[in-house]
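Novice: The structure is given below, and queries will be raised subsequently.
The values are calculated or read from the model by the stated rules, or taken from the named source; none is laboratory data. Since this is a predicted model, take the numbers as computed values, not measurements. Heads up, the Cβs are rebuilt from the backbone with ideal geometry, glycines too, and the neighbour counts pull from every protein chain shown. Protein only, heavy atoms only, side chains kept; ligands, DNA and RNA dropped before computing areas. Shrake-Rupley method; radii C 1.70, N 1.55, O 1.52, S 1.80 Å.
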Amino acid sequence: MSIRNQLASTFMDNLIICSGLNTIVIDHTKNLKSTLKNLRDNYGFIMLLDIIAVDKSNNNKESEPKDKRFQLNYILLNMEEHFRLKVQINFNTDNNEVLPSSTDLWTNAHWCEREVWEMFGVSFGEKSEERLLTPNNLIGHPLRKDFELSLSDETVVEKDSFQRNLGLPKYKENLIENVSIGPIHPGFKGSMKMNFEVEGDYILRSKLEMGYLHRGIEKSCEQMLYGQISTMTDKLNFFSSAANSVGWCKAVEALAGIDIPDRAKALRMVICEFARVSDHAQCIASTIKATGIFEGVQIARRIVDKVAKTFYALNGSSKGNHLSTIGGLNFTLPVGWINDSLSELKQINTLCNELSFHLNRANFWKERLQTAPLNAYEAIDLGVTGPNLRSCGVNYDIRKVSPYYFYKDVDFEIPLGINGDSYDRFLVRVEEMRQSLEIISQVLDSLPSGKVKVENSEIDLNLLRFAPEKSSIYSMSEAVNGELGFYIESDGSNRPYRVKIKAPSFFSAQAFSRMLPGTRLDNCMVSLSSMNIVVGELDR
């Protein structure tokens, strides 16, 4: 019996079967925890992808009780069946009701619950009531529909206070030291701060501070037209902008029921894989710099420059910004671009081999990277996806298990690690670069003809008039760092009612803090670089 039929037989009237995302609706908060535990233990939903809150005060349907202002959605994943499920509950918080925490079911729920409290004021207990992205003196909860910006004049503990954020007792004063790195550091891909408690050269405890680059993208999306939001998503992971906008456009097209031309699908695959090659090369370059072996940096930079050259020929952007648009692509292929790209692929493949040989022949390289291991159980429990998950030996890639566009028609392998340490993450990324080159070559060799943008659509694609029907959807793609998901709720207007971005770096960062105890302090930047945590994606 399929997982869908099993759920239908158990939850019956509470299960809504739909093409977007199957949903279980819970009628009361007291049933929430037991339902989640049942789904994890008996139905194999071992990974929590995200917790998404929605303020329904301006969007209540006539069939919904007006006093139930908030909606909470748990996005769960059964990795064996490749089945995603939304657990939904509507409730009100005027009576200061505290919802049951699910941190004992999934460890990564801790940051998710903190974000929900911070943005909506929905509490899961005292541990969730700590700001994660916004200043400590901010009054109110920003993603509520009635929020007005206001800051408190009272003296508050600064966000960079080590003692407050780490919350660790000081003992053995002669042996224990508190060390901080950041918020500005050349090894960071953005601004953040790492606090450590160390004994000698070894880290005992660590905590990551974030929010320094928080731009309120999700709040801004509520005021923007659907076609304008790709300019915001481009800046999530600014090393692979092309892949971010593909993920957003794919989600909006699924929401509106738009089927783009085959040529556009194929070219989106090409630009996503080029972005993957460039981002992985950038990540490896950062790791090399952290170890002090500067010769390999030049090889990695040459790979980045060659990808930038191919993007630049398309629309003048070296990172591939705004290549995709709702309904297709923003460009037509220049004359000779395919032949030039195939030529570049051969050179990039040669550079990948040169980079791998140059680094792996040095024992020092392997020794420095055998640090900060993460096992498969911990990675799944913490919601880690992408190369960081596959380096633990978990064979999970959305392009294979839930293929979109023409990924099911191309031949490529999924590289896996064993130990989940920094060295395995390096090996996985190098091999993924080679596999991406193979995908690009296959797609360009059999590129479909035709248009690159929908012309005769049932829905008006005009920027000002584009307005999907009232509905919601969760759409995901295999971005460079893992599953990039977009939850979109439409109220029928030309602006989304709610947008939630599931950023892979958000969950990798939560895992990173738990990987460091027992690691040497001088290896922390090596481990951070190997995780490829991009702060623009982390803070949003």
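Novice: What list of ³J(HN,Hα) values in whole Hz, one per residue of segment 480-486 in order, does the Karplus curve 6.51 cos²θ - 1.76 cosθ + 1.60 (θ = phi - 60°) give from phi, with Gly and Pro shown as x?
Specialist: Going residue by residue, I get 4, 9, x, 6, 9, x, 10 Hz, with x marking Gly and Pro.
Novice: Rank these by accessible area, largest first, 1.4 Å probe: 146, 424.
Specialist: I get 146, 424, largest accessible area first.
Novice: Spin-label point model (7 Å from Cα, Cβ direction): what's the residue 228 to residue 360 distance in nm?
Specialist: 5.0
Novice: Where does the chain land at 222 nm, in deg cm²/dmol rounded to the nearest 500, when only DSSP H runs of n ≥ 4 count, each adding -39500 (n - 2.57), divided by all residues?
Specialist: Value at 222 nm, helices only: -12000 deg cm²/dmol.
Novice: Given Cα pairs under 8 Å that are at least 6 residues apart, what percent is the relative contact order of the chain?
Specialist: Dividing the mean separation by the residue count of the chain yields 17 percent.
Novice: Could you list the square roots of 5 times each eigenvalue of the Cα gyration tensor of segment 190-318, that is, the equivalent ellipsoid semi-axes, sorted largest first and rounded to whole Å?
Specialist: 33, 23, 12
Novice: Further question on the same structure: Hey, got the dipole for segment 212-366? About the Cα centre, +1 on K and R Cβ, -1 on D and E Cβ, debye to the nearest 20?
Specialist: Roughly 380 debye, rounded to the nearest 20.
Novice: Also, I was wondering about something else. Calculate, in whole percent, how much of the Cα-Cα pair population of the chain lies beyond 44 Å.
Specialist: Pairs farther apart than 44 Å: 15 percent.
Novice: Run through all the Cα pairs of segment 263-302 and give the fraction in each 5 Å bin from 0, expressed as whole percent.
Specialist: 6, 25, 22, 14, 11, 9, 8, 4, 1
Novice: Rounded to a whole number of µm²/s, how large is the Stokes-Einstein D of segment 209-284 at 37 °C and 0.692 mPa s, given Rh as the Kirkwood radius over C-alpha pairs?
Specialist: Result for D is 238 µm²/s.
Novice: Related question: At what distance in angstrom do the alpha carbon centres of segment 81-100 and segment 425-443 lie from each other?
Specialist: 39
Novice: List, in order, the whole-Hz ³J(HN,Hα) value for each residue of segment 500-511 obtained from phi through the Karplus relation with A = 6.51, B = -1.76, C = 1.60 and θ = phi - 60°; use x for Gly and Pro.
Specialist: Those phi angles translate into 10, 9, 8, 9, x, 5, 4, 7, 5, 5, 5, 5 Hz.
Novice: Could you sort 224, 192 by accessible area so the largest value comes first, with the probe set to 1.4 Å?
Specialist: From most exposed to least exposed: 224, 192.
Novice: Moving on to the next point. Where in segment 380-403 does the amide nitrogen come within less than 18 Å of the point 7 Å from the Cα of residue 2, taken along Cα to Cβ?
Specialist: Within reach of a label on residue 2, which here means backbone N under 18 Å from a point 7 Å along Cα→Cβ, segment 380-403 contributes 401-403.
Novice: In the structure displayed, which of 86/451; 289/500; 265/500 lie more than 31 Å apart, Cα to Cα?
Specialist: 86/451; 289/500
Novice: Turning to a different aspect of this structure: For the chain, which span is the longest to avoid every loop-located (per DSSP) member of chymotrypsin sites (Phe, Trp or Tyr not before Pro) having at most 10 other Cβ atoms inside 10 Å?
Specialist: That gives 295-540 as the longest site-free run.
Novice: Protein chains only, probe 1.4 Å: how do 241, 471 rank by accessible area, largest first?
Specialist: Final ranking, largest accessible area leading: 471, 241.
Novice: If I take the Cα coordinates of segment 263-398 and project them onto the principal axes, what are the three extents in Å, biggest first?
Specialist: If we take the Cα atoms of segment 263-398, the spans are 47, 37, 20 Å.
Novice: If you average the alpha carbon positions of segment 356-413 and of segment 253-306, how far apart do those two centres end up, in angstrom?
Specialist: Result: 15 Å between the Cα centres.
Novice: Here's a follow-up. With charges set only on the Cβ (+1 for Lys and Arg, -1 for Asp and Glu), what does the dipole of the chain come to about its Cα centre, in debye to the nearest 20?
Specialist: 580
Novice: Still on this structure, I have one more. Of all accessible surface on segment 428-498 at a 1.4 Å probe, what whole percent is carbon and sulfur?
Specialist: Answer for segment 428-498 is 42 percent, counting heavy atoms of protein chains only.
Novice: How big is D for segment 403-540, in µm² s⁻¹ as a whole number, if Stokes-Einstein is applied with the Kirkwood radius of its Cα pairs at 4 °C and 1.567 mPa s?
Specialist: 69
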